[in-house]
Amino acid sequence: MSYAGPDFEPPQPRRFRRGPLTVALAALVPGALLGWLVYATVGGSGDGGARDRASTSASAAPTAPTGPGEPTDDGKGPSPAPTASAPAASGPLKGKVVVIDPGHNPGNFRHPGEINRPVDIGTNRKECDTTGTSTDDGYTEARFTLDVAHRMRTLLREQGATVKLTQDGDRPYGPCVDERARIGNEAKADAVVSIHADGSGAGNRGFHVILPGSVRAGAADTRAIVAPSRDLGERVAGRFVAVTGSAPSNYVGDGTGLVTRKDLGGLNLSTVPKVFIECGNMRDSKDAALLTSGAWRQKAAQGISEGIVSFLRG
Ligand code: ZN
């Protein structure tokens, strides 16, 4: 996704340190329940920002003695092989359904007619889907979102969850945003997270989580999911900071890493708790260096997954 708008203020670390994210993070750290932080103590992103502040909390969590193989930076994998560990029959998330929505589709570029077709999102009509953005070097958002989704699927299955993807590069384009919402609804998902990376101006950095606003129009009625989605989003943001060391966006969200929107069909049409996460800005060279790193994507997947686990365990 990308935003058009005025320049935003530069990062304000002090506000972040005292902001709601810090509170959320502090509340969650004692629950550092998972032994997934195999990457959390590994530096190397080159992102000084929040890393130092987050490291204290992150270091309180145990590190796992084993983990997926060292990911490569080519975007092809190993994306911890789905078959490497069979879906757990038990685990803390047994009986829970998580839907991961990898934003866009690598094939969307070849199907402009299909993806530009308007669909009804309740509040208005919007294009079926979009191509997404890419880094200046051509690493596409669609490749990024699928890779992170695969890593999340592995992590969440290890916790016993039933995991479904809205697309797995297994269809020529899409699905449309209304169908993406419907997949989560029909799965009766306990949580849905849509994975994205932004396409904003150079210098705009950091992640943000997008929460559904309260909407009631046509087929859209988000009133029942606004509160649980905010809870989910705050937990995802808190764990994302802790594990990746990335700072909240310096261009939207006023330093909180949280943004509420009413214009996204994927949120408006959801009847189950759902958030989007923009993991960074592909058009900023420093953020792009992170987004194109397999090791960093593993951290991103881990942070998002831990937020989901925290939400589902309550
Ligand atoms: Zn996107």
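The values are calculated or read from the model by the stated rules, or taken from the named source; none is laboratory data. Note that the coordinates shown come from a computational prediction; the quantities given were computed from them, not determined experimentally. Don't worry about glycine lacking a Cβ; one is built from the backbone with ideal geometry, like all the others, and counts go over all protein chains shown. Side chains included, ligands, DNA and RNA excluded: accessible areas come from the protein's heavy atoms. Shrake-Rupley method; radii C 1.70, N 1.55, O 1.52, S 1.80 Å.
Here are the numbers:
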read-out: Cross-link reach list, lysines versus K164, counting only Cα pairs under 18 Å and skipping chain neighbours closer than eight places; value: K94, K96, K188, K274
read-out: Karplus-derived 3J(HN,Hα), 6.51/-1.76/1.60, for each residue of the stretch 130-143, Hz, glycine and proline x; value: 10, 6, x, 9, 7, 6, 4, 8, x, 6, 7, 4, 5, 5
read-out: Nearest-10 value in Å² for the accessible area of H111, using the 1.4 Å probe; value: 40 Å²
read-out: Residues with amide H under 5 Å from that of F207, placed H, sequence gap 5 or more; value: A247, S249
read-out: Residue-wise HN-Hα coupling along the stretch 260-271, computed from phi with Karplus coefficients 6.51, -1.76, 1.60 (Hz; x: Gly, Pro); value: 9, 9, 10, 10, 9, x, x, 8, 4, 8, 7, 10
read-out: Ranked order, D178, D120 - accessible area, probe 1.4 Å, largest first; value: D120, D178
read-out: In Å, descending, principal axis extents of the Cα set of the stretch 104-196; value: 39, 37, 21
read-out: For T260, residues with placed amide H under 5 Å, excluding near neighbours; value: L211
read-out: Karplus 3J(HN,Hα) series, Hz, for the stretch 276-291 with 6.51 cos²θ - 1.76 cosθ + 1.60 (x for Gly, Pro); value: 9, 10, 9, 6, x, 10, 5, 8, 9, 5, 5, 5, 4, 4, 6, 4
read-out: Amide H contacts under 5 Å for K164, placed H, 5+ residues apart; value: V98, V99, I100
read-out: Ordering of 233-243, 154-164 by packing [mean C-beta count within 10 Å, highest first]; value: 233-243, 154-164
